[in-house]
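One structure is given here, and the rest of the page talks about it.
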Amino acid sequence: MNNTINIGVSALKSFAKGIETIGDNIANVNSTAHKSSRLEYSENFVETLERSSAAPGNGNQPLGSARLQLGGGVQIDAVSQDFSQGAIKTTGFATDLALEGRGFFHVKEVDTAGGATGNEFYTRAGNFRLDQTGFLVTTDGFRVQQIGGADINLAYTANDGRTLEAVDIDLNGQVRLMLSDGTIDTTRGIIQVSDFRDSQGLVKQGKGYFENDSNDSAGLITEFNQAGLGGLGKVRARSLEQSNVDLTEQFAEMITTQRSFQAGARIITTADQLLTEAVNLKR
């Protein structure tokens, strides 16, 4: 009876985490470039009461015994990320960027003096802005990287009467400054897009950031490639990628997980009733 109760408890613990995962997905339905999570379950433990034995003689006689095994409940096997493309929405802001296809923007954290801290992250959220010194940064001040590993700076000082009219970024991530005399400054670099052999190996850090920990299996394979080349996605300027959470799918999954949780609770209730009957046999 105690084992049955433990099985029920394993179900409650696992499906409670399932509800948490679904709740997180639904809560982030409007978060820029959010990638939904999926919780996967597996059998917790198998107790072997008796191993199978071969039939005697030449094996033609069905006298062998079958194995006797009992399951021990359920456990969380993995929490995987769905990196499928989210819808792209036009915003009109020059520093808003979206990736259409594979890849991540590469950003680096800096200290208050503008020096690199050594912390590097990857993100699909392209809601960038310009800081007070003209660097293209995330909402947290992390600097967007260009091919070659340098920060992207869009500051322009008027020269020979020319002024900055607009900032334009093409499909391949080439940053271009449109000047008042009709010329184009293309010296500001090309936005770096990185990709991974196993994106599931990336570590979520919150706020749309992922980290490539050397102890994990992500495997950076395209450090300095250009957007739109080598299978990488294209850069869509003045646009943002939306969350890929499907509310219909999440609500359906919530119903299934809730019913599974209720079934796990019923296992405990039934085991308790049987245990009560066993205790009362003496009466």
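Just a few scattered comments:
- The residues of region 110-163 present an accessible area of 49 Å² per residue when probed at 1.4 Å with all protein chains retained.
- Each other residue within a Cβ distance under 15 Å of PHE261 adds +1 if Lys or Arg and -1 if Asp or Glu, for a net charge of +2.
- Measuring with a 1.4 angstrom probe and ignoring ligands and nucleic acids, TYR122 comes out at about 10 Å² accessible.
- Counted charge near MET178, where neighbours are those whose Cβ lies closer than 11 Å (Asp, Glu -1; Lys, Arg +1): -2
- Checking (1) 121; (2) 208; (3) 151 against volume of the Cα convex hull per residue in Å³ calculated from these atoms, the matching label is (2).
- The helix-based estimate of mean residue ellipticity at 222 nm for the chain, built from -39,500 (n - 2.57) per DSSP H run of four or more residues and divided by its residue count, is -7500 deg cm²/dmol to the nearest 500.
- Charge dipole (debye, nearest 20) of the chain; +1 at Cβ of Lys and Arg, -1 at Cβ of Asp and Glu: 800 debye
- Karplus 3J(HN,Hα) series, Hz, for region 233-242 with 6.51 cos²θ - 1.76 cosθ + 1.60 (x for Gly, Pro): x, 9, 8, 9, 6, 6, 8, 9, 7, 8
- To put it simply, the accessible area of the chain at a 1.4 Å probe is 50 percent carbon and sulfur.
- Near LEU99: Cβ cut-off under 14 Å, other residues only, Lys/Arg at +1 and Asp/Glu at -1. The net charge is +2.
The values are calculated or read from the model by the stated rules, or taken from the named source; none is laboratory data. It should be emphasised that the depicted structure is a prediction, and the values quoted were computed from it without experimental measurement. Every residue, glycine among them, receives a Cβ derived from its backbone with ideal geometry; neighbour counts consider all protein chains shown. The area values use the complete protein model at the heavy-atom level, side chains included, leaving out ligands, DNA and RNA. Shrake-Rupley method; radii C 1.70, N 1.55, O 1.52, S 1.80 Å.
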